[in-house]
1. Considering (1) assigned to a loop (DSSP other than H, G, I, E, B); (2) closer than 25 Å to Gln137 by Cα, say which one Phe27 fails and leave the rest.
2. Can you tell me which of (1) part of a helix (DSSP H, G or I); (2) crowded, with 23+ Cβ neighbours inside 10 Å is the one Pro182 doesn't meet?
3. Pairs only if they're at least six apart or on different chains, beta carbon under 7 angstrom, first in region 1-28 and closer than 19 Å to Gly201 by Cβ and in contact (Cβ under 8 Å) with a residue 60 or more places away in the chain, second hydrophobic (A, V, I, L, M, F, W, C) and assigned to a helix (DSSP H, G or I); list them, first residue then second.
4. So which of Ile70, Ile107, Ile120 is within 29 Å of Lys164 (Cβ to Cβ), of a type in the set (A, V, I, L, M), buried (at least 20 other Cβ atoms within 10 Å of the Cβ) and at pLDDT below 90?
5. With the checklist (1) among the aromatic types (Phe, Trp, Tyr); (2) at pLDDT 90 or above; (3) more than 17 Å from the chain's Cα centre (by Cα) in hand, flag the one item Trp29 doesn't pass.
6. I'd like to check something: does region 186-197 contain any residue that is touching an Asp or Glu at 6+ places or on another chain (Cβ under 7 Å), without any contact (Cβ under 8 Å) to a residue 12 or more places away in the chain and assigned to a helix (DSSP H, G or I)?
7. Could you check region 144-170 and list, in sequence order, the residues that are at pLDDT below 95, over 18 Å from Tyr189 (Cα atoms) and part of a loop (DSSP other than H, G, I, E, B)?
Amino acid sequence: MLLRLRSTLFAIGYIFTGFLYGFLSLFIWFLPPLVRHRILISWCWLIVKWVRFMCGVRYEIYGLENVQKIAGPKVVLSKHQSTWETLALQHLCFPASTILKRELLNIPFFGWGLRCLQPIGIDRENPRDALRQVKIQGVQRLASGLNVLLFPEGTRVAPGTRGKYARSGPEIALEAGAPIIPVAVNAGYCWPAKSWMRYAGVVTVVFGEPIDPAGRTSKELITQVENWIEAELERLGDGTDTKRATVYSAQD
């Protein structure tokens, strides 16, 4: 009963603040893109804090220096189990352009805010055209100074499973000459896809070493990314093991 109540209170705050930020987005289009971006992703980190406060979903972040030591834009390829990482990585990898379903941009208020973040919207019903647009726009976003954030599996998968890792991320990196940062995150145990419940626990985010795409094929690169992410997730487990050594800090 308490779990359902806390999850419901979290959802109310999630929807209400999302509505407010979406409404705010209508009034900040005149601001420079990075300023708009910074204002709107503050909502993403607010929700990470809100789910921690209301539902006990804590987090640990390792290897963030691997992102920070790359001066230029990069391609970030992350495991996708939950909504949690779509929010947290916007903040941790700022400024980032995310590849997402085009229909999300048409949702009132929520979609309005998304449009301010310069995402790459794709049409899943036309995969060939979607792949072409992802590559073209991904290279453009990198050239403009934005990181490109992709979830290679395309959709959320249940913990302990894996989807097919697409090559679009490595192909963008090869075209732009940008490094790849793999990310392992096990948020699905605490914030499951297609579930109302939010479970207390520790979400662990691990940023891997940068991968130089030069002289490699997209198949070689995505295989390396997949193998590293899945091995790291197996090591992390379900978020109940608190004996892992801290590489970065999970302090607020």
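The values are calculated or read from the model by the stated rules, or taken from the named source; none is laboratory data. Just so it is clear, the model here is predicted, and its values are computed rather than measured. Please note: Cβ atoms are built from the backbone with ideal geometry, for glycine as well, and neighbour counts cover all protein chains shown.
1. With respect to (1) assigned to a loop (DSSP other than H, G, I, E, B); (2) closer than 25 Å to Gln137 by Cα, Phe27 is out only on (2).
2. Of everything listed in (1) part of a helix (DSSP H, G or I); (2) crowded, with 23+ Cβ neighbours inside 10 Å, Pro182 misses just condition (1).
3. Listed pairs, sorted by first residue: Arg6/Met54; Arg6/Cys55; Ser7/Cys55; Phe10/Trp50; Phe10/Val51; Phe10/Met54; Phe10/Cys55.
4. Ile120
5. (2)
6. No, because not a single residue in region 186-197 is touching an Asp or Glu at 6+ places or on another chain (Cβ under 7 Å), without any contact (Cβ under 8 Å) to a residue 12 or more places away in the chain and assigned to a helix (DSSP H, G or I).
7. Once the filter is applied, which keeps residues that are at pLDDT below 95, over 18 Å from Tyr189 (Cα atoms) and part of a loop (DSSP other than H, G, I, E, B), region 144-170 yields Ser144, Gly145, Leu146, Pro152, Gly154, Lys164, Ala166, Arg167.
For (1) at negative phi; (2) of a type in the set (Phe, Trp, Tyr); (3) under 17 Å from the mean Cα position of the chain (by Cα); (4) in a helix (DSSP H, G or I), each residue gets a yes or a no:
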| position | (1), (2), (3), (4) |
| --- | --- |
| Ser7 | yes, no, no, yes |
| Phe10 | yes, yes, no, yes |
| Leu20 | yes, no, no, yes |
| Ile47 | yes, no, yes, yes |
